[in-house]
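Structure first, commentary second.
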Amino acid sequence: MMYNRPMSKLQKTYAVLGTGAIGGYCAAKLNQAGFDVHCLLRSDFDYVKKSGLAILTDQGKITTHVHAYQQIDELPKCDVVLVALKTTQNHLLKTMLPKVMHDNSVVVLLQNGIGAEQEIAQFIEASKIIGATCSLKVSKIAPGVIRHFNENNVRFAQYYTNSQHEEISTVSKQLAEDFNRAEIKSSALAHLITMRWSKLSGNLAMSGLSTILNASIQEIVNNPASFSLLCNIIKEGIRVAEKSGAKFPENFYQIRVDIFKSFANMPTSYSSMKEDFDAKRPLELHGIYENALTIAKQNNITMPLTEMLYQQLVFLNKRNLSNK
């Protein structure tokens, strides 16, 4: 099986499934850079069809017109399919992806958590699957309007059926080149598991705590008790990550802690899970927590703080959705 099969040099077409904050931002930037971008939309369809996608920054507003669709059957088959749906909708991908993929298409999972690549590999060829992690602080503030606050980084890594295989694929390099052309700082990495756990080790802690405590990132970081809890949950994640094959530098824990400390004096911001909870959307518990806890059990490691966080989130999520 060829894992380094390159995309065509004429590769220009992108499909975006899930044109929310992350998907919409990437779609707008890629379209502005000259790529042919096709977006699946729901509530924002009428606005985007008429007025385009807009990105607001401290420097001003940029508007670009993408191809907009309401139904997956209407999209053309594209060279790259960016999946920016919440992982709670991944059960739909088995039906959706074949409709927008041709023989040489690749799928890029711009999603949180861990394990989604393995799950879609049950019906998509492994060499066509790329994982991606985003460090982008963006929020959809109105239909078709995305506010970019800070951070502007996307990382790509090839999915391999052997989770310990390390190699930067040609496709990952090409994707990073495309995103850099679109002025989204990007890089291609060799090891998907390390890339996924690198972000998840922090998300496990902040996503749940901000939701349960009904607190901003700044409140959690600036309170000694909640910050101590945050740090201990990060340690649990790192321990499982390294046991399952992630390869971190010796000072990785301190790197993660310092990243959170850097948010202390920034404008008030919230985790995406807290934003989902407030909007009464289903929480991404499977991809972020359930899969992480399963991996821990497979490696005979306990995650008592993370498991307690997960159980509380299950309760709150069920109650929140029942009160819609």
Of all residues making up segment 87-114, the number that are buried (at least 20 other Cβ atoms within 10 Å of the Cβ) and under 30 Å from T294 (Cα atoms): 14
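Residue by residue, here is whether (1) in the same structural domain as S226 (by TED's automatic domain parsing); (2) at pLDDT 95 or above; (3) of a type outside the set (G, A, S) holds:
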| residue | (1), (2), (3) |
| --- | --- |
| A241 | yes, yes, no |
| A264 | yes, no, no |
| T268 | yes, no, yes |
| L283 | yes, yes, yes |
| I301 | yes, yes, yes |
| V314 | yes, yes, yes |
| N323 | no, no, yes |
- prompt: Which of the residues spanning segment 204-213 are in contact (Cβ under 8 Å) with a residue 24 or more places away in the chain and more than 12 Å from K235 (Cα to Cα)?
  reply: M206, S207, G208, L209, S210, T211, I212
- prompt: Considering segment 156-211 alone, what residues qualify as being closer than 23 Å to E290 by Cα and aliphatic (A, V, I, L, M)?
  reply: A157, L192, I193, M195, L200, L204, A205, M206, L209
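Each row is one residue, and each column tells you yes or no for (1) within 26 Å of Q89 (Cα to Cα); (2) among the aliphatic types (A, V, I, L, M); (3) surrounded by 14 or more Cβ atoms within 10 Å (Cβ to Cβ).
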residue: A225; (1), (2), (3): no, yes, no
residue: E250; (1), (2), (3): no, no, no
residue: A264; (1), (2), (3): no, yes, no
residue: R281; (1), (2), (3): yes, no, yes
message: Tell me yes or no: at least one residue of segment 66-73 is assigned by TED's automatic domain parsing to the domain that holds N152, touching an Asp or Glu at 6+ places or on another chain (Cβ under 8 Å) and at negative phi.
response: yes
field: Subset of segment 127-173 (residues that are part of a helix (DSSP H, G or I), buried (at least 18 other Cβ atoms within 10 Å of the Cβ) and under 19 Å from the mean Cα position of the chain (by Cα))
entry: K128, V171, S172
- prompt: Given the structure, is T268 more than 18 Å from T306 (Cα to Cα) and among the β-branched types (V, I, T)?
  reply: yes
- request: Starting from segment 102-131, keep only residues that are charged (D, E, K, R), then list their pairs with residues that are part of a strand (DSSP E or B) whose Cβ atoms are within a distance under 7 Å, requiring at least 6 positions of separation or different chains.
  value: E117/L109; E117/I129; E117/G131; K128/S105; K128/V106; K128/V107
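The values are calculated or read from the model by the stated rules, or taken from the named source; none is laboratory data. Note that the coordinates shown come from a computational prediction; the quantities given were computed from them, not determined experimentally. Backbone-built Cβ (ideal geometry, glycine too); neighbour counts: all protein chains shown.
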